[in-house]
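The structure appears below as structure tokens.
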Amino acid sequence: MNDRNKMNSLERTTLRNCERVLARGVETFREVGEALAQIRDEQLFRATHDSFKAYCKDKWDFSDSRARQLIGGAKKAKLVESVTRVTPSDEKRTRPLNRLPESEQPKVWLDAVEMAGGNQPTVEQVEQAVRYQLGEDEPDDDEYETVEVDVCEVCGSEV
């Protein structure tokens, strides 16, 4: 190992703390994404691995592509905190936002939350909000309108 790969005490402690988050599993993808970002950005893998890709594969058995998804999802979750308390519960819900500039992502997430009635939106609702923002789909004004229907009391079918 050459001198460039040596880490000081603070770096070793930082790496151990980040790895504890990862070892606990994906309790929250955001914690995992932030820990991975720190390991990657500060090259805390360098004492044992030549690359972040090799580190992810050897230590955690996932690809660097998956690591980038988790890192990106964590970044988006932090971004949307500025507009709502309903933040993504998993990284997959943030993927549709990749089609938008970062500046538009919080507003579109909020649109998806509103589609979900103020609850955690589905991936499909986030995708729909993104399509609306991109002008690929037009919102249906009647989509959430309540419609009263007469129902037969005996069989339950519409009359």
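The values are calculated or read from the model by the stated rules, or taken from the named source; none is laboratory data. A quick note: this is a predicted structure, and the numbers were derived from the prediction, not measured. For neighbour counting, all protein chains shown are included, and Cβ atoms are generated from backbone atoms with ideal geometry for every residue, glycine included.
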Item checked: Yes/no for Leu70 being of a type outside the set (Asp, Glu) and more than 12 Å from the chain's Cα centre (by Cα) -> no
Notebook entry, point to check: So Ala112 clears everything in (1) small (Gly, Ala, Ser); (2) at pLDDT 95 or above; (3) out of contact with any Pro (no Cβ under 6 Å at 6 or more places or on another chain) except one condition, right? Which one?
Noted result: (3)
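Tell me, which residue of the range 117-159 that is hydrophobic (A, V, I, L, M, F, W, C) and at pLDDT 95 or above is farthest from Pro88 (Cα to Cα)?
Looking only at the range 117-159, we keep the residues that are hydrophobic (A, V, I, L, M, F, W, C), and these are 123, 126, 129-130, 134, 147, 149, 151-152, 154-155, 159.
Filter once more, so that each one left must be at pLDDT 95 or above: 123, 126, 129-130, 134.
Values: Val123: 10, Val126: 10, Ala129: 14, Val130: 15, Leu134: 21 Å.
In this case the residue turns out to be Leu134.
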Check: Any idea which of Arg85, Arg93 is crowded, with 18+ Cβ neighbours inside 10 Å and of a type in the set (Lys, Arg)?
Finding: Arg93
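Have a look at Arg85, Arg30, Arg93, Arg16 and point out the one that is farther than 30 Å from Tyr132 by Cα and either assigned by TED's automatic domain parsing to the domain that holds Tyr132 or modelled with pLDDT under 90 (or both).
Details: Arg85 fails: farther than 30 Å from Tyr132 by Cα; Arg30 fails: farther than 30 Å from Tyr132 by Cα; Arg93 fails: farther than 30 Å from Tyr132 by Cα.
Going through Arg85, Arg30, Arg93, Arg16 in turn, just one is farther than 30 Å from Tyr132 by Cα and either assigned by TED's automatic domain parsing to the domain that holds Tyr132 or modelled with pLDDT under 90 (or both): Arg16.
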